[in-house]
Amino acid sequence: MTYSAKIPYGLRQDRLVHISQLTPAERGDRCGCVCPECRTQLIAKMGKIVRHYFAHAPGIRPCAGGAETGIHLAAKQLIADRKEAPIPLLLAQIEGMDTDGYKHTESKVIFPGCDRQSVDDAKLEFSLGDIRPDLIVTLGQVEILVEVAVTHYIDAEKLQRLESRGLRCIEIDLGDIPRDLIPADLEEHVFNYHRA
Ligand SMILES: [Zn+2]
């Protein structure tokens, strides 16, 4: 895993702010942003030649995950703000054996699948006992857990916990998103869910 020292999103009053959303007057230490990971002061590098980015202020020992944590939080903020989520095909399936020993499978489409679906609600940081998803979205009567993966993916142990409780969960894979992304890149990656 390589971490980027150039940070695309700063945190200001609990909101993620992309470097491109700053005005020229907010350059340098006037950006008022802190690092999404270590919460120390950032400075906005807004030169003429390279693409703009945030960096840790001089004299602060930089953390490693500022860019990745910012992308993770910005994706969550995007889904919560828009109340839209990339929801794949949801299928309910039951299997049973008849008296002659033949296996029958019944399935019902709960949701046909869509890259960009308006949801009724999108809650951040809502905990379900020992499971703390990034978001929970509600679609009619159906609750779907959403995980945004930049560096941390759902592991076997978590998958088992989800399955044992019959929870529906989607994972949005942002692992290969460019670290110098612009907001339009994030939007495209979040809402362009690749179904397995
Ligand atoms: Zn940091």
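In summary, G140 fulfils each of the numbered conditions (1) within 27 Å of E187 (Cβ to Cβ); (2) at pLDDT 90 or above with the single exception of condition (2). Residues that are over 13 Å from R12 (Cα atoms) and exposed (fewer than 14 other Cβ atoms within 10 Å of the Cβ) within the range 30-50 comprise G47, K48, I49, V50, listed in sequence order. None of R51, R61, R39 is in contact (Cβ under 8 Å) with a residue 12 or more places away in the chain, more than 20 Å from the chain's Cα centre (by Cα) and assigned to a loop (DSSP other than H, G, I, E, B) except R51.
If the condition is being within 13 Å of the ligand (Cβ to nearest atom) and more than 12 Å from I7 (Cβ to Cβ), then the range 61-72 contributes only R61. Residues in the range 78-109 that are within 14 Å of H189 (Cα to Cα) and surrounded by fewer than 21 Cβ atoms within 10 Å (Cβ to Cβ) were compared, and the one that is nearest to the chain's Cα centre (by Cα) is L78.
If you go through the range 163-183 one residue at a time, do you hit one that is part of a loop (DSSP other than H, G, I, E, B), more than 18 Å from L78 (Cβ to Cβ) and among the basic types (K, R)? Within the range 163-183, one or more residues are part of a loop (DSSP other than H, G, I, E, B), more than 18 Å from L78 (Cβ to Cβ) and among the basic types (K, R). Before we move on, is L186 part of a helix (DSSP H, G or I), touching a helix residue (DSSP H, G or I) at 6+ places or on another chain (Cβ under 9 Å) and under 25 Å from A5 (Cβ atoms)? Spelling it out, L186 is indeed part of a helix (DSSP H, G or I), touching a helix residue (DSSP H, G or I) at 6+ places or on another chain (Cβ under 9 Å) and under 25 Å from A5 (Cβ atoms).
For the range 10-36, the tally of residues that are within 18 Å of L78 (Cα to Cα), in a loop (DSSP other than H, G, I, E, B) and within 14 Å of the ligand (Cβ to nearest atom) stands at 1. Summed over the range 115-133, the residues that are within 23 Å of L91 (Cβ to Cβ) and modelled with pLDDT of 85 or more give a count of 9.
The values are calculated or read from the model by the stated rules, or taken from the named source; none is laboratory data. Every value quoted in this text rests on a predicted model; they were computed, and no experiment measured them. Counting neighbours? That spans all protein chains shown, and the Cβs are built from the backbone with ideal geometry, glycine included.
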